Amino acid sequence: MEDRKLTVRAVERALDILLCFTQDNDDYDLSLTEISAKIGLHKSTVHRLLTTLEEKGFLQRDEGTDKYRLGIRIWELSTHLPTLNEPAVLLLPAMERLRDRLGETVSLYLRDNLERVRIQAVQSRQAIRRVAQIGARLPLSVGASSKVLAAYAPPEVQVRLLADPAWPDSVDRSQYLEQLKEITRCGYATSFEEREPGAAAVAVPIAGRAGGVVAALSLSGPVSRLSLETLEEYAVILAEAAAEMGLMMG
């Protein structure tokens, strides 16, 4: 039994290492020290796991910098994901049309427990833009998309969210709940520098054909271009696009 526990723990730690590469990281390369700090394990333990993951092709090490990045096996696994009804694939053309029409970055989010995950993004072509990393996990406490997903989540999810020990002290729970009520009334959410300085966003829900919100569609960019008035105008356009997208999803 003890051997089984150790084996499972090793698997969990190896997966924790791979998940390090889903976090915001500008160059997508991480050193042993950085990985060790992220998952809170001693370097010697992490090094053994990294060696195994590298041997199996899930990571590759740059001999020049001694840093690690995701390996070819990850790509091979991803090619076997079902894509026919995958929102990230299915809705991409419509997202590109929105980007071309409005000129800002368009993102698609799903809720995963008490977080949101960006599963698709179409980057703005403007020189000054909001760059959205696919795969990023973000809390539901701040941001337009977070508030949309929380507003339409089941009541028990909202209760767990507000009781989450990771809830930021800077966000008043009562005001947050009022915001969620307003979102369900007007059908969209806005945010100004809630998560990133200089960034603004607007988000709307996407309801599937079976009913219920299945995703959040957002547009984001610099506050210098996105005033509240502009975001409210874009909310109407996003809502129209989201209605069409919902018909494409189950």
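The values are calculated or read from the model by the stated rules, or taken from the named source; none is laboratory data. Everything numeric in this text was worked out from a predicted model, so none of it was measured. Methodologically, a virtual Cβ is constructed for each residue, glycine included, from the backbone with ideal geometry; neighbour enumeration extends over all protein chains shown. These accessible areas exclude ligands, DNA and RNA; they are computed on the full protein's heavy atoms, side chains included. Shrake-Rupley method; radii C 1.70, N 1.55, O 1.52, S 1.80 Å.
Scanning the stretch 174-197 turns up at least one residue that is buried (at least 16 other Cβ atoms within 10 Å of the Cβ), among the acidic types (Asp, Glu) and outside any helix (DSSP H, G or I).
A Cβ distance below 6 Å, combined with a sequence gap of six or more or placement on separate chains, defines the contacts here; from the stretch 121-148, residues that are over 22 Å from LEU90 (Cβ atoms) reach residues that are at pLDDT below 90 in the pairs VAL142/ARG195; GLY143/ARG195. Just one of the listed residues (ARG125, ARG160) is among the basic types (Lys, Arg), closer than 25 Å to GLU182 by Cα and exposed (fewer than 15 other Cβ atoms within 10 Å of the Cβ), and it is ARG160.
If a residue counts only when it is more than 21 Å from the chain's Cα centre (by Cα) and modelled with pLDDT of 90 or more, which helices (runs of 4 or more DSSP H) contained entirely in the stretch 40-109 have at least 3 such residues? Show your work before the answer.
On the way: elements: 43-55, 72-78, 87-90, 92-102.
So the answer is 43-55, 92-102.
Number of residues in the stretch 177-225 that are more than 20 Å from LEU102 (Cβ to Cβ) and at pLDDT 95 or above equals 9. Among the listed residues GLU194, GLU244, GLU182, identify the single one that is free of Cβ contacts under 8 Å to residues at least 24 places away in the same chain and acidic (Asp, Glu). Result of the check over GLU194, GLU244, GLU182: GLU182.
Set side by side, the residues GLY143, GLY135 differ, and just one is closer than 20 Å to ALA235 by Cα and either open to solvent by less than 70 Å² (accessible area, probe 1.4 Å) or aromatic (Phe, Trp, Tyr) (or both), which is GLY143.
Is it true that some residue in the stretch 214-221 is touching a Phe, Trp or Tyr at 6+ places or on another chain (Cβ under 9 Å), more than 19 Å from GLU115 (Cα to Cα), crowded, with 16+ Cβ neighbours inside 10 Å and among the hydrophobic types (A, V, I, L, M, F, W, C)?
Initially, the stretch 214-221 is screened for residues touching a Phe, Trp or Tyr at 6+ places or on another chain (Cβ under 9 Å), giving 215-219.
Next cut, more than 19 Å from GLU115 (Cα to Cα) only: none.
Looking for residues that are touching a Phe, Trp or Tyr at 6+ places or on another chain (Cβ under 9 Å), more than 19 Å from GLU115 (Cα to Cα), crowded, with 16+ Cβ neighbours inside 10 Å and among the hydrophobic types (A, V, I, L, M, F, W, C), one finds none in the stretch 214-221, hence no.
Scanning the stretch 60-73 for residues that are free of Cβ contacts under 8 Å to residues at least 24 places away in the same chain and closer than 19 Å to THR22 by Cα yields GLN60, ARG61, GLY71, ILE72, ARG73.
Identify, from the list ALA210, ALA243, the residue that is assigned to a helix (DSSP H, G or I), more than 16 Å from the chain's Cα centre (by Cα) and exposed (fewer than 15 other Cβ atoms within 10 Å of the Cβ).
ALA243
Within the stretch 165-172, can one find any residue that is in a helix (DSSP H, G or I), within 21 Å of the chain's Cα centre (by Cα) and either over 29 Å from SER124 (Cα atoms) or modelled with pLDDT of 95 or more (or both)?
no
Considering (1) closer than 19 Å to VAL122 by Cβ; (2) surrounded by 19 or more Cβ atoms within 10 Å (Cβ to Cβ), the lone condition that THR230 does not fulfil carries the number (2).
Listed by first and then second residue, the pairs with beta-carbon distance under 7 Å, at least 6 apart or on different chains, first residue in the stretch 29-52 and under 11 Å from TYR68 (Cβ atoms) and open to solvent by 70 Å² or more (accessible area, probe 1.4 Å), second of a type in the set (A, V, I, L, M) and assigned to a helix (DSSP H, G or I), are HIS47/LEU32.
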